[in-house]
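One structure is given here, and the rest of the page talks about it.
The values are calculated or read from the model by the stated rules, or taken from the named source; none is laboratory data. Quick caveat, the model's predicted, so the values are computed rather than measured. Quick reminder, even Gly has a Cβ in these numbers, built from the backbone with ideal geometry, and neighbours come from all protein chains shown. What goes into the accessible areas is simple: the full protein's heavy atoms, side chains included, and nothing from ligands, DNA or RNA. Shrake-Rupley method; radii C 1.70, N 1.55, O 1.52, S 1.80 Å.
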Amino acid sequence: MTTSVLFISSFCLSLSAAAVDRIEMQDGSVVLGTVQDADAGKVIIDTAFAGTVEIDQSAIVAMTVESDLVLQMDDGNVLEAPGLEVAEEQLALPRQTQQTYALKQLTRINPEPWELGNGFKFGGLASFGYNSQRGNTDTDELDYRFEANWESLVDRYRVEAFGEVNEANGTKNAENWTARARYDRNQTGNWYWGGGVSAEQDLFADLDLRTSIGPYLGRKFFTDEIFALEAETGLAYITEDFVSAADREYLGSTWDVHINSNYLGGNSRLYIDHKGIWNLDEASNVVLNTTFGLAFPLLYGIEASAELAYDINTGAPEGTEEVDQTYRIRLGYTW
């Protein structure tokens, strides 16, 4: 009996000694768990009863974090603190800290090195889709996509390549690819400027090679996970080499629009990528490439996606279609 009592007492003492973070909200409710991060106006806490929970900083009146922290504030200051106390929406900081801060001024807890100006954040995806059908018609369809980006507080590098190859009854009926590389330099207020190059081939649209090079101005209008919108506009020198039609070169107006949303939850992504080129020498010549997609995670960084690509080229050579519509199912890896 004595042994059982000692065991239960030791177990209870170990539980009480374990660090448990506490968040008290304006409606009087209390959330217990382990605070992981603060970002985009939200505090992220792991709980035993509901998993990972995001709480708006504006809804918090008091908070206690037991572990050592690195705090990044909205004025750029980075503070090291042995835990964190928030009372009446104000941060209780070590005595050597002269500045006082409100909770709403906290931008990150334990920021990554790149967020402090050290190095780059690296991310991207590699995906492919394959469809094979045998019967009255034998078809093989392969499409692929690769994206990578390196981002720091100062600038960003982006590269992407995608394409498809299709065959029906042993005869190739689609073969195209696109490759792009861009560099962005961040400015104030989510503005940035940059320059990019691209190359594109679509043999079944009579396009042997289209190249583009030029500067652009961009802005991140919204950056929330629920809705992110980024747009760019610029000028580019375009060359188009055709298989049969006459080659041409011209100055073009370019634009890019990127939209992402996790509105459906579960780390899924709704996205729209739109690119355009307008021939300033021939106003009726416009190239539009738009992709609508839904991606959702499977496991270990693997995701599946369904896409609709809608391409328009009002200056397509005679004998080729101005509109091209493609449906894709992809399986890929993200990092």
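Structure note, pairs 121/275; 121/172; 104/220; 42/121: Cα-Cα distances above 31 angstrom occur for 121/172. About its Cα centre, the dipole of the chain is roughly 920 debye, where the only charges are +1 on Lys and Arg Cβ and -1 on Asp and Glu Cβ. Taking the C-alpha atoms only, the angle from helix 2-17 to the longest principal axis of the chain is near 60 degrees.
Measuring how big the stretch 78-223 is from its alpha-carbon positions, Rg and Dmax come out at 24.4, 80 Å. Anyone know which of 75, 155, 208 comes out most mobile in the 10 Å Cα GNM of the chain? Among 75, 155, 208, the largest GNM mean-square fluctuation belongs to 75.
A Gaussian network model of the chain, with springs between Cα atoms under 10 Å, assigns the largest mean-square fluctuation among 134, 219, 145 to 134. For 193, 255, the ranking by accessible surface with the largest value first comes to 193, 255, using a 1.4 Å probe. Fully extending the segment from residue 268 to residue 150, taken as 0.36 nm per residue of separation minus the present Cα-Cα distance, adds 40.3 nm.
Need one number for the chain: average projected area of the convex hull over its C-alpha atoms, nm².
Mean orientational projected area (the chain, Cα hull): 25.7 nm².
Here the spin labels are modelled as points 7 Å beyond Cα on the Cα-Cβ line, and at residue 46 and residue 90 they lie 3.3 nm apart.
Does the stretch 24-103 classify as rounded, prolate or oblate by the C-alpha gyration tensor (a ≥ b ≥ c root eigenvalues; a/c under 1.5 gives rounded; else a/b over b/c gives prolate, otherwise oblate)? The shape class here is prolate. A Förster radius of 30 Å, combined with the Cβ-Cβ distance separating residue 110 from residue 221, puts the computed FRET efficiency at roughly 0.60. Rounded to the nearest 10 square angstrom, residue 146 shows an accessible area of 90 square angstrom against a 1.4 Å probe. Loop-located GluC sites (Glu not before Pro) in the stretch 49-82 (DSSP state not H, G, I, E or B) with no more than 16 neighbouring Cβ atoms inside 10 Å: 66.
For the chain, modelled as a GNM whose springs connect Cα atoms under 10 angstrom apart, the maximal fluctuation among 221, 49, 122 occurs at 49.
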